[in-house]
1. Inspect region 105-121 for any residue being surrounded by 22 or more Cβ atoms within 10 Å (Cβ to Cβ) and over 23 Å from the mean Cα position of the chain (by Cα) and give the result as yes or no.
2. When you check Asp101 against the structure, is it within 30 Å of Ser256 (Cβ to Cβ) and open to solvent by 60 Å² or more (accessible area, probe 1.4 Å), yes or no?
3. Just give me the residues in region 101-127 being outside any loop (DSSP other than H, G, I, E, B), in contact (Cβ under 8 Å) with a residue 60 or more places away in the chain and either touching a Cys at 6+ places or on another chain (Cβ under 7 Å) or over 20 Å from Leu82 (Cβ atoms) (or both), in sequence order.
4. Which pairs turn up if I take residues in region 432-443 that are closer than 21 Å to Gln384 by Cβ and look for partners that are in a loop (DSSP other than H, G, I, E, B) and β-branched (Val, Ile, Thr) with beta carbon separation below 6 Å, at least 6 apart in sequence or on another chain?
5. Would you check which residues across region 394-424 are more than 28 Å from the chain's Cα centre (by Cα) and open to solvent by 80 Å² or more (accessible area, probe 1.4 Å) and list them?
6. Tell me, which residue of region 193-226 that is within 24 Å of the chain's Cα centre (by Cα) and open to solvent by less than 30 Å² (accessible area, probe 1.4 Å) is farthest from Ser276 (Cα to Cα)?
7. In region 160-170, which residues are assigned to a helix (DSSP H, G or I) and open to solvent by 50 Å² or more (accessible area, probe 1.4 Å)?
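The values are calculated or read from the model by the stated rules, or taken from the named source; none is laboratory data. This structure is a prediction, so every number in the text was calculated from the model and none was measured. Glycine gets a Cβ as well: all are built from the backbone with ideal geometry, and neighbour counts include every protein chain shown. In case anyone asks, the SASA skips ligands and DNA or RNA and just uses the protein heavy atoms, side chains included. Shrake-Rupley method; radii C 1.70, N 1.55, O 1.52, S 1.80 Å.
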Amino acid sequence: MQTNKNDFVQTQGQDLAALEQVFKLRAEPLPRPFFFRGEPIQPQLFATLLQVLTQVVQARFYRPDLWRLLDPVLTCTQDRLLLECFSSCSAVYARLELSRDFFKSYDLQGCGTTHVDFGLSFQNHLRQLDPCSHALFEIASAGVVLASEGNQSSEARAKLPASWKRAFAQSQALLRHLTAWHHLKGIQGRAFVMGLPQSRQDHWLLPQGKSLKSSRFALTQGQAIQVKGIHRLCLLKPLMPYMRDLTIYSHSEGTSFWHLKLPEAQLSLGLSRSLSHGFGGESETLRSQSLLSDQEGLYFVQRWLMGVDSFSLSELAAVAEISLPQALAFVDQLALDGVLGFDLPRQHYFYRRLPFSPQTHQPLLQRQADALESYSQIELIACQHESEGLVAEGWAPGRQGQYRLGLTLAAGHLQSGHCSCKWFTTHQLRRGPCKHLLMLRYYLENNQLKGRQNG
């Protein structure tokens, strides 16, 4: 693949050089060394896509009186560009993928990731692009540059908030549990997006022929799903003229993923299960630390990831010569640093080269370690398999006595839980499960493992 890329760059190098001369770039020089530069074939679509990302960043669907702008993360790989961001309230995750064929020339000098703030001047520059424009887009470690005839704007790399690690970790862990629910062809997809309500009320969706039926009242028949905060999907409306089809992924606990195919590009929106519950928690990335005792194996996986763009869980297990549960535990551990994302349509993980030092999540790891050390002190009251999954109730020791707690596990996923401790009373599951829920989970997982071994 490297050879093909070099051949491609050589054949397009003269075009890029001529393009720079036409633009007469007299502003600040392009940052060096750069990861990528290329000329979008459809500059107006390119501008619309980046504007949609900006609208996602600026959106706050929960507590509009509080603002926390988080700007796109750009990742350059061998055959595509990935741009990711969250809404200001972290209730929407957006992922834009631009393929190699989206650009007239795809000059990749190295894989890498940067994080920028699309400021007002950059946004104004995007609005000036039209179908007849010629634009050059460049990504470097130091930032990005957009150049067109007589105009150039640049954005320096911004500091990436540590809170993004939690949102990245939670989103990849949630998305891998989603399954394809319904598919809409271009005209049906455009009609659905055009008719989206602005109401904040809950809506139920039900497949009806080639389209979808929407209702504010509960639909219990067939394969109906509930979408809370469906007005969040209005972020897709600027892309209606380009939409080729729409695939919807869902999960029983309310999270949904809306995947749009566009000309040589794909854009996806992930909606958290409710407006007040964003992707900032880390409960789904917590796995038994007993599976992570192989520190040499974890180090090998860390080094291996730096040389790949994407991989499946089975590929990781085969390369590291470990079981699938161990591979999942490695993935969840590394995801705590935000370096792994999940490509739902392809069922692959992808690697982000983020500017984070490892082991910056000590409070979370300490909570995991404390729970692992104390899980044997759980007093189990009831445990049974139901249609929802494994349901358990028990008592856990704490600083102020015994705490009553319970949880539901479904396919390794913490679907719900409750605890009488102060942490859970204050935060529920918004900041991950309390230590006592982790203790109960480890207790159940450990006893299930022993049962399989004895069997």
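1. Yes, because at least one residue in region 105-121 is surrounded by 22 or more Cβ atoms within 10 Å (Cβ to Cβ) and over 23 Å from the mean Cα position of the chain (by Cα).
2. Working: within 30 Å of Ser256 (Cβ to Cβ): yes; open to solvent by 60 Å² or more (accessible area, probe 1.4 Å): yes.
Answer is yes for this residue.
3. Once the filter is applied, which keeps residues that are outside any loop (DSSP other than H, G, I, E, B), in contact (Cβ under 8 Å) with a residue 60 or more places away in the chain and either touching a Cys at 6+ places or on another chain (Cβ under 7 Å) or over 20 Å from Leu82 (Cβ atoms) (or both), region 101-127 yields Leu108, Gly112, Gln123, Arg127.
4. Met439/Ile378; Leu440/Ile378; Tyr443/Ile378
5. Step one: filter region 394-424 for residues more than 28 Å from the chain's Cα centre (by Cα), giving 394-406, 419-422.
If the condition is that a residue be more than 28 Å from the chain's Cα centre (by Cα) and open to solvent by 80 Å² or more (accessible area, probe 1.4 Å), then Trp395, Arg399, Gln400, Gln402, Arg404, Lys422 are the ones that fit.
6. Among them, the one singled out is Val193.
7. Within region 160-170, the subset assigned to a helix (DSSP H, G or I) is 163-170.
Result: Arg166, single match.
For (1) surrounded by fewer than 20 Cβ atoms within 10 Å (Cβ to Cβ); (2) modelled with pLDDT of 55 or more; (3) of a type outside the set (Phe, Trp, Tyr); (4) not in a loop (DSSP other than H, G, I, E, B), each residue gets a yes or a no:
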| site | (1), (2), (3), (4) |
| --- | --- |
| Gln21 | yes, no, yes, yes |
| Leu25 | yes, no, yes, no |
| Glu39 | no, yes, yes, yes |
| Ala47 | no, yes, yes, yes |
